[in-house]
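Below is one structure, written out as structure tokens, with a few remarks after it.
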Amino acid sequence: MLTDSYLRRNFSTCLYKNRRLNLGEFDLSKDFTGECDGDKYPVLRSVGEYSESVKDGIYRFDSERSMAARFITPLYPYASYEMTVEDLRGECGFLFTRGEWDTGIMLGADETGLLYIKSINSIEYSICKTETKFKSGMRFSVTVRPGKADIYFDFGKNPVHAATFTVPFFKEAAKEDVFTKIYACLCFYNCAAVSGASVFMDSGISQADIRPVCYENGEVMTENGKIYLTASVRQHEGAYQGVFSWVPGTCVFELTGALFFDAGDGIWGNDVASDLIFNRKTGKWLIWMCAFSHGHVLARAELESDVRHGVSVIDVKLTEPLKDGDGDEVFGGKKGDEDPALIFDEHTNKWLLAVCRISDVNNSYCYHFFESDSPLDGFRFTGKGKPGCETGGSFVRRGGRLYFVCGNSFEKTSDYRVYDMEYFPFYRRLEFDLPDGGFRGWGSIMPVKRGTREKLYMLTFDRHRGSDYRWSYGNIYCFSD
């Protein structure tokens, strides 16, 4: 029984911008500058005369107060743009251009070798001076999010946050009809050299809201020895929905996908806390998630394509608002609803949906349970959890029994409630050998077949802030029985 499980710590880790989903690159294996039969990286902006060359895997730009910008990819919201800088006698960085409007994030060094970062638009610029000295081979990266640009330096150990700029040009960077018309370019001024550049989605500074991708009955989907996880990728501020693969029990994680959600307004919503299910009965995928960007209510969708790989946009339907006078026991969109969990109960032939909802009774989060003949609508109330501060819940089936596991307390770590749904609403607590480091924790319990045995794994995370942003969170923990 799940309620008898004793969980032991396997490891803890932090995926600090070290997993990537590559979207484009500046390939320097051949000299493209004199190419007549193609134009790999066309020049979209230039001023004055300059010379350029590619030799031994290094691109060199030489001029006297001239600049040029070469296309590398379109703009992707929430993506990172990185270059490896070998020579910095001028400036290099990224230019984002749309018609007559440009904005640039450039790196330079003063006469003492101290680095500075310059944010430039068509009218003015701002500059951030640092106490860091230039070193050949350093990596300079820009992570774009609506209205902001986060800058990182990497000298071969770990990326380090160097600055954040407010960039009006990026204000509508999540609007599809805006960002699809913006080109991202490598930009060079005076004299500079790079040994490569790339564009990618990365794993952010931390991860949260981890869920396994499952079949409709709650069975964890396993392919080629890996399972897939949805997890919110926390950036210096804000987040987006990432998909990871994981070799259970190991520290092998890969970023395989990025999900964005369009609620009909053309915005690639960076909503998170997704529950992704493959329904074998219909051959279609189901997803429930929290639409933080649309009033903090739930949204859902049914789709035919596998969205575990690559960058995907999902058209979602928001949960219809509750009517005046509706209480907690009415299904609908109540502000504050989050962390949904869906499963098909094969014993009752009903779809069960758990919604983490702020209770009208004590103004704290409590799971409310609903059932329906459909996975997307028609839900009716069946019960709710005990008072507390519940969060991050998921259905788990083990040994023929259905459980619901959720975090609870702000007062202590490793406080997880396990509801045996046959005896609901009574619960027991999970037991651990070492704390998970989190408060009001989110724990994803995953029964996985390993050889001739079934192993129980749990992934959770703590609330150690990766930045000053309150919801940046921190480290991943793995436990097993």
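The values are calculated or read from the model by the stated rules, or taken from the named source; none is laboratory data. In this text the structure is predicted, and so the values were computed from the model without any measurement. Glycine also receives a Cβ, built like all others from the backbone with ideal geometry; neighbour counts cover every protein chain displayed. Ligands, DNA and RNA are stripped out before the accessible areas are found, and what is left, the full protein with its side chains, is counted by its heavy atoms. Shrake-Rupley method; radii C 1.70, N 1.55, O 1.52, S 1.80 Å.
Scanning the range 290-314 for residues that are more than 14 Å from the chain's Cα centre (by Cα) and in a strand (DSSP E or B) yields Ala291, Val297, Leu298, Ala299, Arg300, Ala301, Glu302, Leu303, Ile314. List every residue pair whose Cβ atoms sit under 9 Å apart, with the two residues 6 or more apart in sequence or on different chains, where the first one lies in the range 130-156 and is among the acidic types (Asp, Glu) and the second, anywhere, is at pLDDT 95 or above and not in a strand (DSSP E or B). Once the first residue is among the acidic types (Asp, Glu) and sits in the range 130-156, its partners that are at pLDDT 95 or above and not in a strand (DSSP E or B) give Asp150/Gln235; Asp150/His236; Asp150/Glu237; Asp154/Lys17. Has the range 470-480 got any residue that is in contact with a Phe, Trp or Tyr (Cβ under 7 Å, 6 or more places away or on another chain), in contact (Cβ under 8 Å) with a residue 24 or more places away in the chain, part of a strand (DSSP E or B) and closer than 15 Å to Asp209 by Cβ? There is at least one residue in the range 470-480 that is in contact with a Phe, Trp or Tyr (Cβ under 7 Å, 6 or more places away or on another chain), in contact (Cβ under 8 Å) with a residue 24 or more places away in the chain, part of a strand (DSSP E or B) and closer than 15 Å to Asp209 by Cβ.
Does Thr132 satisfy the condition of being within 25 Å of Ser203 (Cβ to Cβ), touching a strand residue (DSSP E or B) at 6+ places or on another chain (Cβ under 9 Å), part of a strand (DSSP E or B) and not charged (D, E, K, R)? Spell out the reasoning first.
Numbers: within 25 Å of Ser203 (Cβ to Cβ): yes; touching a strand residue (DSSP E or B) at 6+ places or on another chain (Cβ under 9 Å): yes; part of a strand (DSSP E or B): yes; not charged (D, E, K, R): yes.
Yes, satisfied.
Checking each residue in the range 1-35 for being open to solvent by 30 Å² or more (accessible area, probe 1.4 Å), over 30 Å from Ser480 (Cβ atoms) and in a loop (DSSP other than H, G, I, E, B) picks out Asp27, Ser29, Lys30, Asp31, Thr33, Gly34, Glu35.
Here Asp360, Asp377, Asp345 are screened, and the one residue that is free of Cβ contacts under 8 Å to residues at least 12 places away in the same chain and either over 13 Å from Val330 (Cβ atoms) or open to solvent by 70 Å² or more (accessible area, probe 1.4 Å) (or both) is Asp377.
If a residue counts only when it is more than 30 Å from Leu402 (Cβ to Cβ) and open to solvent by 30 Å² or more (accessible area, probe 1.4 Å), which strands (runs of 3 or more DSSP E) contained entirely in the range 216-289 have at least 1 such residues?
So the answer is 253-262.
Here the range 36-53 is the region considered, the condition is being farther than 15 Å from Leu186 by Cβ, part of a loop (DSSP other than H, G, I, E, B) and touching a residue at least 12 places away in the same chain (Cβ under 8 Å), and the residue that is least open to solvent (accessible area, probe 1.4 Å) is Gly48.
Please work out which residue is surrounded by the fewest Cβ atoms within 10 Å (Cβ to Cβ), limiting yourself to the range 57-85 and to residues that are over 30 Å from Ile267 (Cα atoms) and aliphatic (A, V, I, L, M).
The first filter runs over the range 57-85 and keeps only residues over 30 Å from Ile267 (Cα atoms), leaving 57-68, 84-85.
Adding the requirement that they be aliphatic (A, V, I, L, M) leaves 58, 67-68, 85.
On the way: Ile58: 15, Met67: 21, Ala68: 20, Val85: 24.
Once the filter is applied, the top-ranked residue is Ile58.
In contact with a strand residue (DSSP E or B) (Cβ under 7 Å, 6 or more places away or on another chain) and closer than 30 Å to Gly264 by Cβ - does that describe any residue in the range 188-199? The answer is yes; a qualifying residue exists.
Could you check the range 54-104 and list, in sequence order, the residues that are part of a loop (DSSP other than H, G, I, E, B) and among the basic types (Lys, Arg)?
Kept after step one, since they are part of a loop (DSSP other than H, G, I, E, B), are these residues of the range 54-104: 56-57, 64-66, 75-79, 89-90, 99-100.
Those that are part of a loop (DSSP other than H, G, I, E, B) and among the basic types (Lys, Arg): Arg65, Arg89.
Restricting the range 379-397 to residues that are closer than 22 Å to Glu454 by Cβ and not polar (S, T, N, Q), the residue that is nearest to the chain's Cα centre (by Cα) is Gly393. Any residue at all in the range 91-112 that is within 29 Å of the chain's Cα centre (by Cα), open to solvent by less than 60 Å² (accessible area, probe 1.4 Å), at pLDDT below 95 and among the acidic types (Asp, Glu)? Yes, the range 91-112 has at least one match.
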